[in-house]
């Protein structure tokens, strides 16, 4: 590598740090004159690096954002972190192909010493993909931009049964879980918090008026989202009366399940699952009598389990 090329790379590495550098500071670091620093800055600009300069005593050089993505300099730990992050992103619905392309480019550029370390991580770990619907990255960025700028999001939405609707909401947070992207937002039409499947959102332009962010119920976005998603994504739901104290039932249920006391020895719970059979088995583990009040699917599974358990003991009962 020529002296000039090596110096340009060192200069670029300094400018990538989140701070301003004065000309004399850069000259001292690179052991060159201030004039050489100015010339090197112009060379980097000609290569596409958007280097901003602020005049004055408190001014200096810094690397800014541009219209295109120039090459970046990464140290060893940064390169490994980016590689691991991209490998994880290949299992995220909606950005798999983009992550694979970026990972392929980075893999080709890794030096041997880093390729060995990254390879060891790859061989020693496994990702369990949760295949979800394909989501256009432009939809994600449109939602994220509205969240950042605090602009009301206007969009077309399709419900789980295919019913279309036009919605308006104050977007608060995006979340990725279970192979899907979700938007937590304040639904201005219904005056309540809602979670929307991002793959069912088609943004409309322009966005609506700016808004002041509302506090999330409970104050914790993660806890609130987890509770909403744990219940919103169930395929089967049922109201169950449990003949046991509420504190006994609460100790055996996830935090997202609301337990409503009826009296000292009875409570009501709204439970759900993607599979009514699993829900029936789960309710059997409450170690208490219960009554299903509104789910035919759950009742059918409970009857099937009751018959199976009776048949399992038929031979023993016949000898009594």
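The values are calculated or read from the model by the stated rules, or taken from the named source; none is laboratory data. Please read all numbers here as calculations on a predicted model, not as lab measurements. All Cβ positions, glycine included, derive from the backbone under ideal geometry; neighbour counts span all protein chains shown.
Within the range 89-109, the presence of at least one residue that is at pLDDT 70 or above, closer than 30 Å to residue 20 by Cα and surrounded by 15 or more Cβ atoms within 10 Å (Cβ to Cβ) is confirmed.
All conditions but one from (1) surrounded by 18 or more Cβ atoms within 10 Å (Cβ to Cβ); (2) farther than 22 Å from residue 260 by Cα; (3) without any contact (Cβ under 8 Å) to a residue 60 or more places away in the chain apply to residue 229; the one that does not is (2).
Counting only strands (runs of 3 or more DSSP E) wholly contained in the range 238-320, no element carries 3 or more residues that are modelled with pLDDT under 85 and on the phi > 0 side of the Ramachandran plot. For the criterion of being touching a residue at least 60 places away in the same chain (Cβ under 8 Å) and farther than 30 Å from residue 296 by Cα, residue 213 passes. Selection of the range 203-220 for residues being more than 15 Å from residue 145 (Cβ to Cβ) and surrounded by 14 or more Cβ atoms within 10 Å (Cβ to Cβ) yields only 216.
Here residue 105 does not fit the description of being over 14 Å from the mean Cα position of the chain (by Cα), more than 30 Å from residue 234 (Cβ to Cβ) and in contact (Cβ under 8 Å) with a residue 60 or more places away in the chain.
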